[in-house]
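Shown next, in structure tokens, is the structure this report addresses.
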Amino acid sequence: QVQLVESGGGLVQAGDSLRLSCTASGRTFSMYNMGWFRQAPGKEREFVAVIGWSGSTNYANSVRGRFTISRDNAKNTVYLQMNSLKPEDTAVYYCAAGRRGLSATLYDYNDWGQGTQVTVSS
């Protein structure tokens, strides 16, 4: 089990960039696949991106080419660089830890952070 804390959210304008961070506790961070999900008001939580323990990545079609996920195992941290932000990117962003490959399914992740709000104005 890992404990996750997200940071870096905020209010930006369309076209701006933000970088989210998620720091994990524990000494086995490097063994986990780390995902980012988001949930907009009134909508279900949806997959954004995942990075495997080996560095492989997978993205939702809606963010591919604009968002980049990366990790620094020495710092127990996963990042989500978000460029060319759109109003439809507005949501609470959650990081999650799992061990079932580059999964886009939230049920494959066992540990979740508390979320960080990202608001993109038009």
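The values are calculated or read from the model by the stated rules, or taken from the named source; none is laboratory data. Because the structure is predicted, anything quoted here is derived from the model rather than measured. Cβ: placed from backbone, ideal geometry, glycine included. Neighbour counts: every protein chain shown. All accessible areas refer to the heavy atoms of the entire protein, side chains included, with ligands and DNA or RNA removed. Shrake-Rupley method; radii C 1.70, N 1.55, O 1.52, S 1.80 Å.
Things to note:
- Surface accessible to a 1.4 Å probe, S70 within the full protein complex, Å²: 50 Å²
- For the chain, size of Cβ-based charge dipole, Lys and Arg +1, Asp and Glu -1, in debye: 220 debye
- Sorted largest first by accessible area at a 1.4 angstrom probe radius, with every protein chain in place, the residues E88, E46, E6 fall in the order E88, E46, E6.
- Sequentially through segment 109-122, phi angles give Karplus couplings (6.51, -1.76, 1.60; θ = phi - 60°) of 10, 9, 10, 10, x, 8, x, 9, 7, 10, 10, 10, 8, 8 Hz, Gly and Pro residues having no value and appearing as x.
- Carbon + sulfur, % of accessible area of the chain - ligands and nucleic acids excluded, 1.4 Å: 45 percent
- The label point for R100 and the one for T119, both projected 7 Å from the Cα toward the Cβ, are 3.5 nm apart.
- Within the full protein context, the accessible area of K43 is estimated at about 140 Å² for a probe radius of 1.4 Å.
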